[in-house]
Amino acid sequence: MQYSFNLKKSRQTIKLALIAATLVILAGCFPSNDLGREEYLLQGRTMGTTYNIKVVGENIDTEKLQQGIDAKLVKLNQEMSTYIKDSELSIFNQSTSLEPVKVSEGLGRVINEAIRLGELSEGALDVTVGPLVNLWGFGPEYRPETVPSKELLAATKSRIGLDKLTFEHGMLSKNIPDLYVDLSTIAKGYGVDLVAEFVEANGINNYLVEIGGEMRIKGFKHTGELWHVAIEKPVNNERSVHQIIIPKDNAVATSGDYRIYFEADGQRFSHIIDPNTGKPINHKLVSVTVIHPSSMTADGLSTAMMVMGEDKAIAFAEAHDLAVYIIAKTEHGFVEQSTVKFMQYLK
């Protein structure tokens, strides 16, 4: 959920709104009716949030499975967390060298997709935007009492940009010494993909993986029903269901703009920063949900389209054949739009 929030502490973009109907009852193992299968729930903490994983099958060694999952997530954090000082990404950020460095396969996979989505969205998704997030008071540093001056905004904006980051042949480099990369708009989605791939590698093909609101789903519940997911109503004073969807064998990610903000001089400032202007977004779009085979891709796209705004987001989604559902706030209440590709998933 930020233009970018950190892997250890969810202080920025909230990836809101995904409430799995199957996670309402938190029990370890459920009876399987007459299908001969059981449903197991694994829970834990990672990236400053929680995970909930449901797997369906017979005689699953859940202890061994969870140990493997936790090991994968610990490794991910050590690669990509900006709160762990000796993580691979932190070491890159702290270095002032402009020389290319070899990065791990996992970090390279996420960096590569972040750059691809950044270019695809014409800069709406920018994983170098951290200095602006901090400037506006949504990072780990401090919250300003006044709106930043034009001069300070321009100086900070000069320190960001995907054009200053290069990834080629497994080598990562920057062309200014103080470039800062924060992958939290996409790394949590990658974590979901990583866990889902591990679950499948263990021969399990019916599951629901959820980390901090990001999800990836495959197959069926123990009852033989498809998994159902709820999109949250985009209001900051309650937690309630706005729309039920059936994603089938896909990932789901939702970005929202209604819980993290501050007010100054009578104006509301969103936590989501537009890298093109250097300022918080200022439009009526409050929620974007993306359904895609990859949670990492859905994660990044949902944030990018929140930056774009209502009209540009829908046009972008249709142009790229994406399954997208958006909610905008008007004087008369909420207005929803979905792409043609999304309609098949509406309940």
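The values are calculated or read from the model by the stated rules, or taken from the named source; none is laboratory data. It should be emphasised that the depicted structure is a prediction, and the values quoted were computed from it without experimental measurement. Every residue, glycine among them, receives a Cβ derived from its backbone with ideal geometry; neighbour counts consider all protein chains shown.
Is it the case that some residue within the range 128-149 is modelled with pLDDT of 95 or more and either under 16 Å from the mean Cα position of the chain (by Cα) or charged (D, E, K, R) (or both)? Checked the range 128-149: at least one residue is modelled with pLDDT of 95 or more and either under 16 Å from the mean Cα position of the chain (by Cα) or charged (D, E, K, R) (or both).
Whether a residue is under 22 Å from the mean Cα position of the chain (by Cα), surrounded by fewer than 17 Cβ atoms within 10 Å (Cβ to Cβ) and within 15 Å of residue 278 (Cα to Cα) was assessed, and residue 122 passes this test. Each residue in the range 312-337 was checked for being loosely packed, with under 13 Cβ neighbours inside 10 Å, of a type in the set (D, E, K, R) and at pLDDT 95 or above, and 1 pass. Any residue at all in the range 81-104 that's under 29 Å from residue 219 (Cβ atoms), more than 19 Å from the chain's Cα centre (by Cα) and at pLDDT 95 or above? No, that holds for no residue.
For every residue, the table says whether it meets (1) of a type in the set (Phe, Trp, Tyr); (2) assigned to a helix (DSSP H, G or I).
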{"site": "307", "(1), (2)": "no, yes"}
{"site": "317", "(1), (2)": "no, yes"}
{"site": "321", "(1), (2)": "no, no"}
{"site": "325", "(1), (2)": "yes, no"}
{"site": "334", "(1), (2)": "yes, no"}
{"site": "337", "(1), (2)": "no, no"}
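Scan the range 90-100 and give yes if some residue there is part of a helix (DSSP H, G or I) and either charged (D, E, K, R) or closer than 24 Å to residue 288 by Cβ (or both), otherwise no. No, the range 90-100 contains no residue that is part of a helix (DSSP H, G or I) and either charged (D, E, K, R) or closer than 24 Å to residue 288 by Cβ (or both). Just one residue in the set 113, 197 is outside any loop (DSSP other than H, G, I, E, B) and within 16 Å of the chain's Cα centre (by Cα); that residue is 113.
Within the range 152-163, can one find any residue that is of a type in the set (S, T, N, Q), closer than 13 Å to residue 273 by Cβ and touching a Leu at 6+ places or on another chain (Cβ under 6 Å)? Yes: the range 152-163 contains one or more residues that are of a type in the set (S, T, N, Q), closer than 13 Å to residue 273 by Cβ and touching a Leu at 6+ places or on another chain (Cβ under 6 Å). Go through the range 241-273 and give me each residue that's of a type outside the set (Gly, Ala, Ser), under 19 Å from the mean Cα position of the chain (by Cα) and modelled with pLDDT under 90. Scanning the range 241-273 gives 257, 258, 259, 260, 261, 271, 272, 273. Only one of the listed residues (286, 340) is farther than 18 Å from residue 126 by Cβ and at pLDDT 95 or above. That residue is 340.
Given 179, 172, which one is outside any strand (DSSP E or B) and hydrophobic (A, V, I, L, M, F, W, C)? Of the residues listed, the single one that is outside any strand (DSSP E or B) and hydrophobic (A, V, I, L, M, F, W, C) is 179. If I filter the range 11-24 for residues that are within 15 Å of the chain's Cα centre (by Cα), modelled with pLDDT under 85, of a type in the set (Ser, Thr, Tyr) and part of a loop (DSSP other than H, G, I, E, B), do I get at least one hit? Yes, the conditions are met somewhere in the range 11-24. Annotation note: Cβ proximity below 8 Å between a residue of the range 43-61 that is of a type in the set (D, E, K, R) and a residue that is part of a loop (DSSP other than H, G, I, E, B) (sequence gap 6+ or interchain) occurs for 54/221; 58/36; 58/37. Considered as a group, the residues in the range 50-91 that are β-branched (Val, Ile, Thr) and in contact with a strand residue (DSSP E or B) (Cβ under 6 Å, 6 or more places away or on another chain) include one that is surrounded by the most Cβ atoms within 10 Å (Cβ to Cβ), and that residue is 56.
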